[in-house]
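The values are calculated or read from the model by the stated rules, or taken from the named source; none is laboratory data. Please read all numbers here as calculations on a predicted model, not as lab measurements. Virtual Cβ from ideal backbone geometry, glycine too; neighbours counted across all protein chains shown. Calculation scope for accessible area: heavy atoms of the full protein, side chains included, ligands and nucleic acids excluded. Shrake-Rupley method; radii C 1.70, N 1.55, O 1.52, S 1.80 Å.
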Amino acid sequence: MLSMSFSHFRLAALGAALVIVAFAACGDSLGLPPAAFENQHDTTTLFALQGTSIDAPSGFDIVSRLRSRTELGEPFDVAFDIDASSRPLLYPASALGVLNQAALQLTSDAFGNINRAPLDGYQLDSAIVLRPGLVFLGRSRVSSQFCGFLGSLPRFGKFRVIAVDQGLRSVTFEHIVNVNCGFRGLQPGLPTN
């Protein structure tokens, strides 16, 4: 019985030492490891959920920074559509009945002036009407991808609508997404926060 207690003690001590080493190596006061992925400026075109070819991507996955084909069940955080009144709409996945915490937030700030994503103020349940020049923020679903011991966290991005094409039933936007777990910095390059 005594040797079993000693083994448990050694295992607990080893676990505590690993946690201390992990936090000592972290580059952020919140205990986050240093960022591993650079924020990249990119553009993406999405096609409406309705009235376009089924293989045209309608969704955008903030976590991976990739377009998604929603009909295949690929992960997505936002999806584009044009309604019966010809309004171009961007929906957070939760507004389409997908159970996740992806959300959108309109902002009056210029795209280039947004340095860091806010933690709150995002809308889970309603679409935003898109127009060229519109700037908005996105928060992804929680994901453990690239998070390691941190668990599951959302990712953040800033977006600016470049064009809405009613004929092609598409929207093109520029974006910078921070895929580093727990980081909210939204300037190009390796984020520090």
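Brief remarks on what is shown
- Potential lengthening between T192 and L66 on full extension [0.36 nm per residue; Cα-Cα distance subtracted]: 43.0 nm
- Across the accessible surface of the range 31-132, with the other protein chains kept in place and a 1.4 Å probe, carbon and sulfur atoms take up 50 percent.
- Radius, Kirkwood style, for the range 53-152 when every pair of distinct Cα atoms is counted (Å): 14.4
- Rounded to the nearest 20, the Cβ-based charge dipole of the range 66-125 about its Cα centre (Lys and Arg +1, Asp and Glu -1) stands at 140 debye.
- Unit charges at the beta carbon, dipole of the range 90-193: most positive-side option, L96, V177, L130: V177
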